[in-house]
Every structure is written in structure tokens, then in C-alpha cells.
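Participant: Let me begin by handing over the structure; questions about it come next.
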Amino acid sequence: MPGSLGAGRGERALRVALDTTYAGTNPTGVGLYSLRLAEALRAIAPAHHLDLRCYGPPCKAFSGRPLLVDIAQEWPVNTHGVLPLRLAAFAPDVVHSTSHIGPLWSAGRRIVTVHDLIFLRRPRDYNPAWLSITRLLLPLVLRRASAVACDSQATRLDLVRRLGVRANRTVVIYPGIDPQPTDTVRVAPPLPRPYILCLGPWARRKNLEVVVQAFASLAPQHPDARLVITGGPAPGVQSYTKQELISLLPEHLRDRMLLPGYVDRDEIRGLLSAASVLAYPSVDEGFGLPPLEAMAAGVPVVVADTPAVVEATGGAALVAPSDDPSAWAFWLSLLIARQDVAGQLREAGLRRSARFTWEACAHRFVRTYGRVANRPVRGIQLNTFS
């Protein structure tokens, strides 16, 4: 049985099914988005008289059971065959698929979240079979959805321009970011400052070479500075190798670049807590969670001029052209050398990041559920999507 929440007596609750099929077992990305959204919706469901059920991973927020591990559920036989039959027993008013491919048929009105369309711009980065299926199904899913939720205005514009989705059927709902722990988490052993931090994976679109080249340029002026790049090659995606990244630096600087591999979230918080600056040079994103998480930790940020990332950071980060190492070297060097500038950026980042909470995200979705189902929702005005 899927996890569920009742919603009181009297009039029938609005029934919402969360389809988290494409969350898979990924602890980041869509997996983390689905889990945090499920948790936030669960917390506010009683106040808004919702009956929520979660189908697929991660349902831990509802049932307390371990996440499902059968990756085969991410293929169409489950999404378009098994899942609709399971949904029929619940008879939901709304089915919300937390990633881009939801069921083509099921009880209730359908909402789908589209995080980005990177796979259309960079098809060589993806599994050919997955890509073929997605290209076939996505237009059908979007056509049959009552609403399409986007992580950013940039993704919304992509949907309108590339796939012909009508703007009045879309709604931009920003994800939240995890709150910072009250106790300071430290990396053991702590890294000496100053250091520039990049967070993996090493997918080509993350554009890591521009920061490595910038570091080679600024390193002589900052003899104690280091560059730390977490993560590693991303499975199934065109990626840098360790040797490629190392070879971008002159030999005498290579011991100043640290590649610790993949680290857990506590270690990332520790690295952020002492970083001089976060560099986020990615050239293709649907949003920009890592820069916002760095801002929430009080770290100044430099980002590439990627539309979705510039939108997310909202003027609270320095912006450099994605193909200009000299511009990156200038901004990174400035933040290492000028504590007054870094302090101003920290304050701006803290204010900006505070706007992105999972509670606010959940409330926007509750409004959208009511609007799509044409049902009043306790405590929510249903006037428009946006």
C-alpha cells in the first residue's frame, strides 16, 4: 500500500497522488526534489484538507519504508501500465509527476514538473534508448497535462519555444533549499584557507575547465590559495577525467588543486563553511541549487552567465562569461583579496537564499492542485497559476 495522509472530517478532501517514479534511488537532483517536496506537502496537508499519497520512490516521507530500488520502474511499462492501475484504486483528483514523464492516462487531472530540457540541447550526453523514449513520450505527456510546473522562467521559456507548450498552461514554482544546520559541521581534517570550491559532478556542461584555467592565472598572486573540486565523472554523461583536469594546470601548481571525489552532504557543508568562494561555471541548468546552498551558508558566489542560474541567484552573485577564464580569475581573485566585497556578497546571498523554502514550494503546488482540479482548498486562493 502506498503511504497516505487523511485530512479530517466533513467535505471530501482534495486527493493528490505524487508520482515520484523518476526519482529512482538518486539522493540528489530529482530524487532529493521529490523527497523534500513530499515532506513539505505532508507537513501542510492537514491545514489544507488534502489527502496525499506517494507512488514510487521516495515514499519514505509517508510510509517509513525504505526507498524502492528497482530501477526498471523508470521505464514506460511502469509509468504507463502499472502506475495508472494503482492510481485507479485511489481515484485522485490530481496526479503530480515530479519529473518530466508522467502517465499518459490515469484517474484525475495531471500535473508534470519539467526541471530542464538539457537532454534536447545535449543529446550526446544521454543514454540513446532513454533519449529516444523521452523524445517520443514527452510531447504527449505535456499535451495531456492540465498544468506544467517549471523550476525557473528559463525552463518555462524553453518549453514554450522548443516544444510549443502554451505559456498559460505553465507555472513557475521554485524549489526550496535545505536549511543550514544550527551546529557548524567541519571537515576533518579542515582545509587551510583560502580555497575556491567547485561542487561536482564532472559532466562536460559543468564547464570546470574555465575555473581551473582561471586558478592557474590567479595562483601566483595568491600563493596560499587552493582549488577544491568535489565529485567525479558522471555515469552515462560526457565527463572530464581526473587527468584532464590536472593537465589544465602547470605542473608546479598541481599540488594546489584538490580532488577529494564524491563527499556526503555533511562533508559538503563542512567544505562550504570554510570556503572563500564557490565557483559555479555550469553552462546549462534548469535552476541553480548549489549556488543558493552556498549563499545560505554565507559563502560568496561567482556563477556563469547561464540564464537559469542568473535567475536563481537574482543579483546576489557575481556573474562571469562562461568562456572567459580571465573574467573568472578577476572575480575570484577579488573575493579572496577583498573581504569588504566578499562580506557584501555574503549578506546579499543570505537574503536571496532565504526566499527559497520547501514550505513555500509546497504551498505553490497546493494552489496549483486546487486550480487544476477546480476545487476550493482550505486557506488557499486559487485565482491564477502564477
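The values are calculated or read from the model by the stated rules, or taken from the named source; none is laboratory data. It should be emphasised that the depicted structure is a prediction, and the values quoted were computed from it without experimental measurement. Backbone-built Cβ (ideal geometry, glycine too); neighbour counts: all protein chains shown. Remember, those area values only see protein heavy atoms, side chains included, never the ligands or the DNA or RNA. Shrake-Rupley method; radii C 1.70, N 1.55, O 1.52, S 1.80 Å.
Participant: Report, ordered by the first and then the second residue, all pairs with beta carbons closer than 7 Å, sequence separation of six or more or different chains, a first member in the stretch 25-37 that is of a type in the set (Lys, Arg), and a second member that is modelled with pLDDT of 85 or more and outside any helix (DSSP H, G or I).
Facilitator: ARG36/GLY176
Participant: Take the residues in the stretch 329-358 that are among the aliphatic types (A, V, I, L, M) and within 23 Å of the chain's Cα centre (by Cα), then tell me which one is farthest from LEU278 (Cα to Cα).
Facilitator: This residue is ALA354.
Participant: Can you find, within the stretch 329-373, the residue that is nearest to ASP51 (Cα to Cα) among those that are polar (S, T, N, Q) and buried (at least 22 other Cβ atoms within 10 Å of the Cβ)?
Facilitator: THR368
Participant: If you go through the stretch 55-82 one residue at a time, how many are touching a Ser or Thr at 6+ places or on another chain (Cβ under 6 Å) and modelled with pLDDT of 75 or more?
Facilitator: Selection size over the stretch 55-82: 2.
Participant: How many residues does the stretch 17-30 contain that are among the small types (Gly, Ala, Ser), open to solvent by less than 40 Å² (accessible area, probe 1.4 Å) and either over 14 Å from SER97 (Cβ atoms) or modelled with pLDDT under 80 (or both)?
Facilitator: Adding up the residues that qualify gives 2.
Participant: Hey, among the residues in the stretch 267-285 that are of a type outside the set (A, V, I, L, M) and either in contact with a Leu (Cβ under 7 Å, 6 or more places away or on another chain) or open to solvent by 20 Å² or more (accessible area, probe 1.4 Å) (or both), which one's nearest to THR230 (Cα to Cα)?
Facilitator: Going through the qualifying residues, I end up with GLU267.
Participant: Check ARG124 against each of (1) without any contact (Cβ under 8 Å) to a residue 40 or more places away in the chain; (2) out of contact with any Leu (no Cβ under 7 Å at 6 or more places or on another chain) and name the one condition it does not meet.
Facilitator: Every condition holds for ARG124 apart from (1).
Participant: Kindly evaluate ALA203 against the criterion of being open to solvent by 10 Å² or more (accessible area, probe 1.4 Å) and within 26 Å of the chain's Cα centre (by Cα).
Facilitator: no
Participant: Can you tell me how many residues within the stretch 220-266 are open to solvent by less than 60 Å² (accessible area, probe 1.4 Å), small (Gly, Ala, Ser) and over 18 Å from ILE336 (Cα atoms)?
Facilitator: Here the count works out to 5.
Participant: Take the residues of the stretch 250-268 that are of a type in the set (D, E, K, R) and more than 17 Å from the chain's Cα centre (by Cα): which is farthest from CYS198 (Cα to Cα)?
Facilitator: Within the stretch 250-268, the match that is farthest from CYS198 (Cα to Cα) is GLU251.
Participant: Search the stretch 83-125 for residues being touching a helix residue (DSSP H, G or I) at 6+ places or on another chain (Cβ under 8 Å) and open to solvent by 60 Å² or more (accessible area, probe 1.4 Å), and hand back the single one that is nearest to VAL309 (Cα to Cα).
Facilitator: Checked the stretch 83-125; the qualifying residue nearest to VAL309 (Cα to Cα) is ARG122.
Participant: Scan the stretch 193-203 residue by residue and report those that are of a type in the set (Gly, Ala, Ser) and modelled with pLDDT of 85 or more.
Facilitator: Listed by number, the list holds a single entry, ALA203.
Participant: Which one is surrounded by the fewest Cβ atoms within 10 Å (Cβ to Cβ) among residues in the stretch 304-316 that are under 18 Å from the mean Cα position of the chain (by Cα) and closer than 17 Å to GLU347 by Cα?
Facilitator: Ranking the qualifying residues of the stretch 304-316, first place goes to GLY314.
Participant: Restrict the check to the stretch 126-140 and report whether at least one residue is out of contact with any Cys (no Cβ under 6 Å at 6 or more places or on another chain), hydrophobic (A, V, I, L, M, F, W, C) and open to solvent by less than 10 Å² (accessible area, probe 1.4 Å).
Facilitator: Yes.
Participant: Right, something else. Does ASP158 meet the test of being exposed (fewer than 15 other Cβ atoms within 10 Å of the Cβ), of a type outside the set (S, T, N, Q) and more than 18 Å from PRO291 (Cα to Cα)?
Facilitator: When the stated conditions are applied, ASP158 does not pass them.
Participant: Still on this structure, I have one more. Where the second residue is open to solvent by 20 Å² or more (accessible area, probe 1.4 Å) and in a loop (DSSP other than H, G, I, E, B) and the first is free of Cβ contacts under 8 Å to residues at least 24 places away in the same chain and lies in the stretch 165-180, which pairs have Cβ atoms under 6 Å and are six or more apart or on separate chains?
Facilitator: Close Cβ pairs satisfying both conditions: none exist.
Participant: Strands (runs of 3 or more DSSP E) wholly in the stretch 91-192 with at least 2 residues that are more than 28 Å from GLY314 (Cβ to Cβ) and at pLDDT 90 or above - which ones?
Facilitator: Because the criterion is at least 2 residues that are more than 28 Å from GLY314 (Cβ to Cβ) and at pLDDT 90 or above, the strands (runs of 3 or more DSSP E) in the stretch 91-192 that meet it are 94-97, 109-114.
Participant: What about LEU271, is it more than 30 Å from VAL172 (Cα to Cα) and in contact with a Ser or Thr (Cβ under 8 Å, 6 or more places away or on another chain)?
Facilitator: yes
Participant: Moving on to the next point. Can you name every residue in the stretch 327-386 that is of a type outside the set (Gly, Ala, Ser), in a loop (DSSP other than H, G, I, E, B) and at pLDDT below 95?
Facilitator: ASN374, ARG375, PRO376, ARG378, GLN381, LEU382, ASN383, THR384, PHE385
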